[in-house]
1. Please note which helices (runs of 4 or more DSSP H) are completely contained in region A:7-98 and include at least 1 residues that are out of contact with any helix residue (DSSP H, G or I) (no Cβ under 8 Å at 6 or more places or on another chain) and modelled with pLDDT of 95 or more.
2. Residues of region A:81-97 being within 9 Å of chain B (Cβ to nearest Cβ) and either touching a strand residue (DSSP E or B) at 6+ places or on another chain (Cβ under 8 Å) or in contact (Cβ under 8 Å) with a residue 24 or more places away in the chain (or both), which ones?
3. Which residues, counting only those in region A:220-263, are out of contact with any strand residue (DSSP E or B) (no Cβ under 6 Å at 6 or more places or on another chain), more than 9 Å from every other protein chain (Cβ to nearest Cβ) and in a loop (DSSP other than H, G, I, E, B)?
4. Test residue A:217 against the criterion of being at pLDDT 95 or above and more than 14 Å from chain B (Cβ to nearest Cβ), and give yes or no.
5. Suppose the filter is within 16 Å of the chain's Cα centre (by Cα), under 23 Å from residue A:134 (Cα atoms) and touching a residue at least 40 places away in the same chain (Cβ under 8 Å); does residue A:104 pass it?
6. If you scan region B:95-143, which residues turn out to be under 17 Å from residue B:43 (Cβ atoms) and touching a strand residue (DSSP E or B) at 6+ places or on another chain (Cβ under 8 Å)?
7. For region B:95-126: of the residues being within 19 Å of residue A:235 (Cα to Cα) and not in a helix (DSSP H, G or I), which is farthest from the other protein chains (Cβ to nearest Cβ)?
8. For region B:196-217, which positions are over 16 Å from residue B:265 (Cα atoms) and either outside any helix (DSSP H, G or I) or touching a helix residue (DSSP H, G or I) at 6+ places or on another chain (Cβ under 7 Å) (or both)?
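The values are calculated or read from the model by the stated rules, or taken from the named source; none is laboratory data. These numbers were taken from a predicted model, which means no experiment stands behind them. Neighbour counts are summed over all protein chains in view; Cβ atoms, including those assigned to glycine, are modelled from backbone coordinates with ideal geometry.
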């Protein structure tokens with residue numbers, strides 16, 4: 001039997017994605033095992049890939065210490081918004097089903113090297129980490145929890161910005177979250193903001209940028225206006241490192257860029273300087 | 001926009017056109033028309049003096065206030081100078097400096113909002129547009145003096161909000177206030193900028209919608225034919241409304257003012273509270 005007559009056998013090969021991970025930044029193929037062990041940090045270019053909120057909480061907090069707050073707070077549809085691809089409520093409901101998340105941030109009480117904190121971790125999988133009224137409620141309520149318990153507040157941001165489907169209500173979340181954080185800061189309670197890839201638009205222009213300490217992960221995209229909007233406005237090419245964590249640090253807006261593997265210890269050390 | 005019939009209800013997209021119309025009163029007209037005195041205070045003390053955002057001491061109907069606001073121009077030359085009312089970080093930082101000065105001197109702040117948005121430029125990013133706006137949000141929330149906002153034309157997203165957190169928000173009948181321009185929203189969610197009229201409707205950016213949503217406190221009616229048809233009458237309406245707010249708020253002790261403001265923000269635009 002010649003080779004071309006050989007009957008086709010169904011492929012039982014392991015899928016490619018199970019063996020290799022592709023770095024979203026440098027496109028290198030990294031063995032999946034190595035990628036996972038490195039907490040999704042590229043060994044070739046040091047890009048820190050996005051984590052889910054659960055993965056992040058596991059990395060940052062003491063085992064078993066995280067107690068979620070306001071888990072039932074979910075999206076609202078104040079405008080009854082509908083665009084070309086359908087109603088927002090349907091899209092958000094599908095996102096809830098798909099991700100198992102009720103909102104773009106998970107908040108709760110936790111311990112970091114034994115220090116009691118209130119922690120918020122955004123999750124980009126929930127509508128691009130966009131800031132809706134449910135997101136704002138969780139951030140505000142967690143700030144109030146930190147104030148009531150006099151515990152430091154730490155927020156990890158990962159967001160494209162405002163949630164357009166909630167229109168002006170989304171914009172108001174910037175004011176609400178900052179108001180709650182201002183009260184915390186006025187009461188002398190530490191607030192640490194950690195900007196991860198990406199932190200842009202209305203989130204960068206509100207709670208993410210007003211930490212007592214602003215930290216970021218290497219190479220995270222951080223900025224106010226979108227790159228394309230700026231290029232169209234000023235009609236020039238932007239530098240390659242524009243709106244990276246490194247660019248922001250160089251321009252004076254970040255205290256420190258912290259590697260993922262160092263983050264927990266770094267936070268604990270900083271909190272001790274803050275008297276925790 | 002001679003094709004707009006003001007005797008009939010306007011569509012949201014028509015209202016966007018009116019809000020952007022040249023001839024609509026700008027901050028200079030309000031200063032001239034409602035202030036018996038104005039001393040402009042320049043500069044952010046760090047980088048420069050943004051002409052897209054101005055402010056200073058003002059006297060309105062005998063009340064001394066701090067007046068701040070976006071500045072658009074009436075001509076091409078003026079618009080180049082004022083950057084079409086799109087402030088840079090130094091504009092927001094100047095505004096913050098004046099807010100704090102107002103607090104120190106116990107002057108109410110009057111903020112006039114009229115901007116397409118904060119300027120999206122390379123240097124604006126380098127100098128921290130996001131940080132400048134964010135910082136203002138925290139300062140306004142806790143400012144121990146009355147803070148009154150009037151959205152007079154375009155309330156363009158974070159660029160508007162950067163001076164618009166306060167005790168009372170007034171909005172002109174044909175002003176708009178939104179998280180993104182209808183064109184921007186259409187190009188992202190409809191993948192077609194020409195669907196802006198649909199986006200304008202879906203986003204509920206007009207004064208009557210915003211009042212129902214609890215984002216603004218009062219709509220200031222415009223003269224028949226809109227503000228540009230009778231700027232003097234418009235300025236008079238704004239002056240009277242602002243004076244009424246000042247009188248209501250200035251009797252409140254600062255502690256109570258700040259507690260009330262937080263309570264308001266806590267409920268405003270909440271999903272659950």
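1. Details: elements: A:16-19, A:32-37, A:53-60.
In region A:7-98, the matching helices (runs of 4 or more DSSP H) lie at A:53-60.
2. To start, the set of residues in region A:81-97 that are within 9 Å of chain B (Cβ to nearest Cβ) comprises A:81-85.
Listed by number, the residues that qualify are A:81, A:83.
3. Scanning region A:220-263 gives A:235, A:237, A:240, A:241, A:259.
4. Details: at pLDDT 95 or above: yes; more than 14 Å from chain B (Cβ to nearest Cβ): yes.
Taking the combined requirement at face value, the residue satisfies it.
5. In short, yes.
6. Matches in region B:95-143: B:95, B:98, B:99, B:101, B:102.
7. Residues of region B:95-126 that are within 19 Å of residue A:235 (Cα to Cα), as a first pass: B:116-126.
Cutting the leftovers down to not in a helix (DSSP H, G or I) gives us B:116-121.
Values: B:116: 11, B:117: 9, B:118: 7, B:119: 8, B:120: 3, B:121: 5 Å.
Residue satisfying both the conditions and the ranking: B:116.
8. Correct list: B:196, B:197, B:198, B:199, B:200, B:201, B:203, B:204, B:205, B:206.
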